[in-house]
1. Computed FRET efficiency, Cβ-Cβ of residue A:38 and residue A:103, R0 35 Å: what is it to the nearest 0.05?
2. Enter the mean number of other protein chain beta carbons within 10 Å of the beta carbon of each residue in B:15-24, as an integer.
3. With labels modelled as points extended 7 Å from the Cα through the Cβ direction, what inter-label distance (nm, one decimal) is found for residue A:169 paired with residue A:321?
4. Tell me, in nm to one decimal, what length is gained between residue B:363 and residue B:513 on full extension, where the rule is 0.36 nm per residue of separation less the Cα-Cα distance?
5. Once each part is reduced to its C-alpha centroid, what is the distance from region A:285-311 to region B:361-376 in angstrom?
6. I'd like the orientation of helix B:603-613 relative to chain B: the angle between its Cα long axis and the longest Cα principal axis, in ° from 0 to 90, rounded to 10.
7. What does the C-alpha gyration tensor say about the overall shape of region A:62-106? Classify as rounded when a/c is under 1.5, otherwise prolate if a/b is larger than b/c, or oblate.
8. Relative contact order of region B:448-584: what whole-number percent is it, with Cα pairs under 8 angstrom and at least 6 residues apart?
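None of the figures in this text is laboratory data; all of them are computed from the coordinates on show. In this text, all values refer to a predicted model and were calculated from it rather than measured experimentally. Here Cβ is always computed from backbone atoms with ideal geometry, including for glycine, and neighbour counts include all displayed protein chains.
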């Protein structure tokens, strides 16, 4: 009996033996890749639907939106491949440089070099293209945060915790100056998730959460926010209150989704969505297109795709060879989950309206490329789980 | 030093993270389920608010006379339109447009805000814009964003004031009309034009056509994205009338001349000239009730409703100008005076109250109860039969009939005369007159309007000669005589002959409609006819003077004068005549308000019209001496 069990061990070793670093690409998570590409494809379809009449009212043509988004996706795939191919431990070594670079760029965007659009000094303008550095800064932040926490093997005492908070607060403060509240919240979500998994003590997490709550209340009370920000945040609490102004977005968005019913109105047939009744319908409110045109069936499918993507990311975190890999995946997971929940929740009226793009679906170059880069990191960790 | 994070602790923490993530997704799914399944119905309506219907009125049908002469048609007008959605960006455009159209900017604002126009269509702000202006706008297009040139049709009245009351006019639909038409689902909307009076009203459903409908998809800002569906307007049908415009012209001229002559004559009773503010004339074909001509004076030009000024509008209803808009032929209510004696005669003979040979000794007056009733001028006519009484218009004879009817009311009923009048169509329809003060005086409601013995023999005597509690319209009077003339068929007055589509094909015929037949045996009809023929031909006849020299060989006539006495007003003159007496083709009724005796003022007008109808040369209207 025991002979059998003894003989079983070498067999396992034999299976493990041929696996080496050079063959990391063999362990690519094809499933995650497929999910990512499905989401991106769905995004193209929805952007076309949302913008099909834009030209008629003086915007870029639907084809124009489609082509540009496709271009971003091609670039995104390239960036994803690059991010996956470079060993994440190499990236870790580069993280201090990347951090300093990111901070400098975030400072630069606040200078006259940056461009103000829709009330935020958040873009660099290159010809007809815009680059939003805060989107890329999220990934740099994940890399730095994971590297620091992993380097201390998860032993986060108060001193190290404060270090982490200082590292985090610099980009958060710079982005707040733009102002871009939404991206800041993504940073905070990433921070909390990584700290949780990295081993921060429960009481530290509790204290940080309390500080966060007090901070939010303080921001409201002390007049730090501009009135429009307060209005927008407040609209979801009382959407019927002021239909014409701030809660207009919300009501139209909820109407569009509700109008979809079980099976939706069909592709390109969403009336509320397509006719600009829903503002920003190709970017932040893209989910309304799914809701109206594909109904419960489509919206559930989309959320299921995101859930699968998150599951693969979570699995990669669990399978990771080291803590660094785990934390990198957790960071990406937190980024995706928070953006999906906030964005979709906002369109359905259960979260305040904060401008956060829906990963892979919302129109926009920087956000799309950054999302692909995030998946690149996860693929990177996943395929090197044996090496 | 603490233990570094253990793999187990790491797994546990990942698990916590997983649970958080799962609950977030669960929250999204629950909310999605609520919105799209539980609450979906309450949102469904909202999603259709992006489609707008824009209707275009169809070109209205034309109105033709019986020979096909265009009386009302559509005219193409060069119109400048302004797209309201373009204005907010270029407020300076308004001033330039106002200047070019030579109107104050306030007027331009008024036109821009008119509810007549759909919010999704450019607003017509200038009509009949000269070519040079249109060219200027085209050549300076950059200074006139949203300003365009288009062509609209509008009503054109080719005959000016002729037949204005018959044709009627169109104007913007009001809320009452809209409510009434909504029930009929005719697709009217605020701002549409609708026939308000006359043929434009009575043939509205034929003339209007079907409005074109465009289903436009608009975005949140109201900008038109595309046309989903469109149905072009279907032009309205043409209506061919019974009116002969040449007869109409002759009749209107005769009426106007009669009024002018009356105004130049002195009223001995009131010691001043006759006011003669207005009148009406009707020419019917007794064979089928066709209206050959129908005039009301004073008249107006319906083009005021297309492009009239405010002053012109005010004048249409000005009482000092005798309210030109009122159609005296179909809406004016008058006491019929002696013309009503036809009714009393038919009642008396048909009920057997008298025979054609019954005579009454007319001493110039008659005492009924303790009241004395007199002939006009108290002239005695001696012993008269019915036919003679009609010829000379003996009031005493008919007073006595009124009294006899009342005395024998146990046998003939309380309203023998009234029911005969109703059979002849008198007072029919005017029960709908909204003014209760007027309605009270309609014969229809008497004697029931005077309960508790408030109706006396004297009232019945007055009724018998067409005075007192009695009101008819000139058209009704003409039709009652036409009914007698044709042997007893009461036709509904008929204005249209046929409806023709835009390609000239007949859609339908407007058939003559007999309302009822009344029995007029020769024993009844002949003595009355003899009396009426005497009234014009017999030297003792009341209208003899007016018809002196009339070619009776070509057209034997029968007629009756009437003078309506109204307290504190000058007498109104009536005359009604038909011919040929045995086989009538024409029935002419003339009424002149406050113009004197029927024989003096109305009969000469009717004579001139008869001359015109049979092609005699028209002579100037004189004033004949006569009575009644």
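1. 0.50
2. Per residue, the number of nearby Cβ atoms from other chains is 6 on average.
3. Using points 7 Å along Cα→Cβ, the separation is 3.7 nm.
4. Going from the current span to full extension adds 49.5 nm.
5. 102 Å
6. Taking Cα atoms only, the helix is inclined about 70 degrees.
7. In terms of gyration-tensor shape, oblate.
8. 18 percent
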